[in-house]
Number of protein chains: 2
Amino acid sequence: MTIPAKAILKEVGPRDGLQNEQALVSTEKKVAWIEKLTDAGLNYIEVSSFVSPKWIPALADADDVFRYLKRKDGVTYAALVPNAKGLERALRADVDEIGVFVSASDTHNRRNVNKSTEETLTVLNDVAREAKSAGKTVRGYVSTVFGCPYEGRVSIGQVEKTAHALLDMGIDELSLGDTIGVANPLQVKQVIRQLKTTIPTGRLALHFHNTRGLACANIMAGLEQNIQVFDGANGGLGGCPYAKGATGNVATEDVQYMMESIGVDTGVSLKGLVKAAEYIEPHVGTKLPSYQLQLQQEEEDGA
Amino acid sequence: MTIPAKAILKEVGPRDGLQNEQALVSTEKKVAWIEKLTDAGLNYIEVSSFVSPKWIPALADADDVFRYLKRKDGVTYAALVPNAKGLERALRADVDEIGVFVSASDTHNRRNVNKSTEETLTVLNDVAREAKSAGKTVRGYVSTVFGCPYEGRVSIGQVEKTAHALLDMGIDELSLGDTIGVANPLQVKQVIRQLKTTIPTGRLALHFHNTRGLACANIMAGLEQNIQVFDGANGGLGGCPYAKGATGNVATEDVQYMMESIGVDTGVSLKGLVKAAEYIEPHVGTKLPSYQLQLQQEEEDGA
């Protein structure tokens, strides 16, 4: 069982993290935080989401965050977009990469965006085409890949169908999301093993929540299937407001710790990630579930 | 990569858990808790430690816990013993299995029991011989297998030497402890792969702390190396008072959740374990780090 020598960590905290926290973090603090994240060596930041402010007040300042951000060379500043209107704002903000999303399970998709997956795919088709013709790369998030809060286990066939629908639109990378944190390592291997038969692993990323303590075990399973791109949220921020108990994305720094300890090079500084988490925690106002942050705080307390 | 169809969870919460908590739980409550743990289907409980009450006040009532325990058929009620005096008490209490412990790293052993590993092995040799001649099985805990807070990385050779010293005394099973929670899945595979060359996997168990969020990934690695016995502490209780940040054994119920989701039969009820954790948490008086407990509490709160 070999694992890749290198991996890429994609930071979704400013979007997927803050989207699911109660606190409204100011634009200024978001910008300062994102700078700390890229200082740590992350070269992919999902900055915000161009959805209606009515839906997600925490991300209402997406345009401003992009306006005030001092961009660094070599960093991709991405944003999520639900529809044509969102894309228009995203293109005006000159985001580097457009993220679109659809659930593998129809019921979750309906509850999330009030459309069937088919209807959403039609919308995304237009978004992806326009984004590509504007010279942008596009990332597709597939939600509920490993389980749906309404439908339970989702079949691999359904995931495969959704994945191919997105790839057929010209979408560059798919992030397979364990939206409610129910994935297990055997399932991760099974799903990837099947998808690999028709999709190059280089186009697949994994997005785990640590709701049941299995995120790192699942990432390890992904590495063993030669997946090299993993999403994380600094501090372990976020979750899913529609899914009970879906507490938080896996903390990017906890993933980084594992990568370092198993000798997988990500180019990211663990110390830098912990610093960024220390910065954002008081502004979010809740104790964040990051192991590395907690260890750092205990050290500072002399515990 | 196949994994075993069955595994055994050994519950160390009443000893390794409570030993490292501030709270003094009453004998009556310990007994009630242990009954809930066996009600959940656990058939191995490390009940207490026969050490000097000066050292570990939380376990000063070891004799009484055994006295008041209503034993169930098929359950092994074990206790830790540091020396001949402890063994005498343990035999008087008629414990089913004797646990002894030594660190793989000399410095940790000296800080822990004020003896070199060689000196400790001499003591344990007598304890093991006497225990065996009293008809008891003996479990050997090897601490700091995956890292020492003073010496850093511990060589596999050192672990192997310690393991064989214990097996040569007639000790039945070795529990390889990640005392400070620094093990990673690749290392677990490497260590087991090496030990397997001279020790049957049936005589090895793994004991992880979830300090850095990798316990389940490490257990998965152990399963993939055909290890079938894993220690856990209900609620994720405990830690190591000599090691900064060593927050808690992996929660037995979190391990059970993983085992169920990957189809490994342990004969234990997840619900029963969560009930036991719900019972003990208020008596310990701190928020316990168990994912499954938290999910249950959120459900009850209607969160």
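From the list A:Lys275, A:Lys189, the lone residue that is basic (Lys, Arg) and touching a Lys or Arg at 6+ places or on another chain (Cβ under 8 Å) is A:Lys275. Of the residues in the stretch B:243-250, at least one is modelled with pLDDT of 95 or more, within 11 Å of chain A (Cβ to nearest Cβ) and within 26 Å of B:Val138 (Cα to Cα). Here is a check on your reading of the model: is A:Leu186 aliphatic (A, V, I, L, M) and closer than 19 Å to A:His108 by Cβ? Considered against the rule, which asks whether it is aliphatic (A, V, I, L, M) and closer than 19 Å to A:His108 by Cβ, A:Leu186 comes out as no. Restricting attention to the stretch B:268-296, the residues that are in a helix (DSSP H, G or I) and at pLDDT below 90 add up to 0. One residue stands out among those in the stretch B:130-149 that are within 18 Å of A:Ser261 (Cα to Cα) and free of Cβ contacts under 8 Å to residues at least 60 places away in the same chain: the one that is surrounded by the fewest Cβ atoms within 10 Å (Cβ to Cβ), which is B:Gly147.
Tell me, which residue of the stretch A:272-303 that is more than 14 Å from chain B (Cβ to nearest Cβ) and open to solvent by 50 Å² or more (accessible area, probe 1.4 Å) is nearest to A:Lys6 (Cα to Cα)? That would be A:Lys275. Take the conditions in contact (Cβ under 8 Å) with a residue 24 or more places away in the chain, under 20 Å from A:Ala62 (Cα atoms) and open to solvent by 10 Å² or more (accessible area, probe 1.4 Å) and apply them to A:Ala79. Does it pass? The answer is no for A:Ala79.
Of the residues that make up the stretch B:160-175, is at least one open to solvent by 10 Å² or more (accessible area, probe 1.4 Å), away from chain A (no Cβ under 14 Å) and in contact with an Asp or Glu (Cβ under 7 Å, 6 or more places away or on another chain)? The answer is no; no qualifying residue exists. The residues in the stretch B:82-105 that are of a type outside the set (A, V, I, L, M) and touching a Gly at 6+ places or on another chain (Cβ under 8 Å) can be counted, and the count is 2.
Just so you know, in the stretch B:92-129 the residues that are of a type in the set (S, T, N, Q) and open to solvent by less than 50 Å² (accessible area, probe 1.4 Å) include one that is nearest to the chain's Cα centre (by Cα), and it is B:Ser103. If I filter the stretch A:21-30 for residues that are in contact with a Lys or Arg (Cβ under 9 Å, 6 or more places away or on another chain) and crowded, with 24+ Cβ neighbours inside 10 Å, do I get at least one hit? So far as the stretch A:21-30 goes, no, none of its residues is in contact with a Lys or Arg (Cβ under 9 Å, 6 or more places away or on another chain) and crowded, with 24+ Cβ neighbours inside 10 Å.
Name the residues in the stretch A:58-92 that are under 13 Å from A:Thr27 (Cβ atoms) and either of a type outside the set (Phe, Trp, Tyr) or out of contact with any helix residue (DSSP H, G or I) (no Cβ under 8 Å at 6 or more places or on another chain) (or both), would you? If the condition is that a residue be under 13 Å from A:Thr27 (Cβ atoms) and either of a type outside the set (Phe, Trp, Tyr) or out of contact with any helix residue (DSSP H, G or I) (no Cβ under 8 Å at 6 or more places or on another chain) (or both), then A:Ala58, A:Leu59, A:Ala60, A:Asp61, A:Ala62, A:Asp63, A:Asp64, A:Val65, A:Phe66, A:Arg67, A:Leu69 are the ones that fit. For the stretch B:256-271, residues that are open to solvent by less than 20 Å² (accessible area, probe 1.4 Å), closer than 15 Å to B:Gly232 by Cα and either without any contact (Cβ under 8 Å) to a residue 24 or more places away in the chain or out of contact with any Cys (no Cβ under 7 Å at 6 or more places or on another chain) (or both) total 3. If you filter the stretch B:31-46 down to residues that are assigned to a helix (DSSP H, G or I) and either open to solvent by 20 Å² or more (accessible area, probe 1.4 Å) or small (Gly, Ala, Ser) (or both), you find that the one that is farthest from B:Asp64 (Cα to Cα) is B:Asp39. The set of residues from the stretch B:176-201 being within 14 Å of chain A (Cβ to nearest Cβ) and charged (D, E, K, R) comprises B:Asp178, B:Lys189, B:Arg193.
The values are calculated or read from the model by the stated rules, or taken from the named source; none is laboratory data. As the structure is a computational prediction, the values presented were derived from the model and not from experiment. So basically every Cβ, Gly included, is an ideal-geometry build from the backbone, and we count neighbours across all protein chains shown. Side chains are part of the model used for accessible areas, which takes the heavy atoms of the whole protein and leaves out ligands, DNA and RNA. Shrake-Rupley method; radii C 1.70, N 1.55, O 1.52, S 1.80 Å.
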